[in-house]
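Okay, structure first, notes after.
The values are calculated or read from the model by the stated rules, or taken from the named source; none is laboratory data. As the structure is a prediction and not an experimental result, all values here were calculated from the model. Quick reminder, even Gly has a Cβ in these numbers, built from the backbone with ideal geometry, and neighbours come from all protein chains shown.
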Amino acid sequence: MADASAILVQSTHATNTPSIASDTTALVANATRTQWSIQNLGQNPLFVRLGSGASSSVFHVVLKGSTANDDGSGGVVSQDTGAVYCGIITIAGTSPRYAVLEMS
């Protein structure tokens, strides 16, 4: 059995307001960010960069497009445990359409 003193419980006080976005900046830098996720809601690949200036040739992750807009089958990337990136997160793609969750 695991040592109970090794269990980390982290509370969150705020989340962003959910909406479907198309801006190239998915998340601005937030030093208090505890977790985040991005889901591709469009039918084209979505390129995600941890930093500014995402493009189809400069990115960290590419998210698979959905079969149809907003059907929930698009790719997802997230950080919710361990080291969580707190800097700007940008996206690129053709007709980008995505949803972002940020907790801080």
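Residues in segment 52-72 that are over 12 Å from the mean Cα position of the chain (by Cα), over 15 Å from Ile20 (Cα atoms) and not aliphatic (A, V, I, L, M): Ser52, Gly53, Ser55, Ser56, Ser57, Phe59, Lys64, Thr67.
Restricting attention to segment 44-76, the residues that are under 17 Å from Val28 (Cβ atoms), of a type in the set (A, V, I, L, M, F, W, C) and either modelled with pLDDT under 95 or touching a Ser or Thr at 6+ places or on another chain (Cβ under 7 Å) (or both) add up to 1. Taken over segment 44-103, the criterion of being at positive phi and acidic (Asp, Glu) is satisfied by Asp70 alone.
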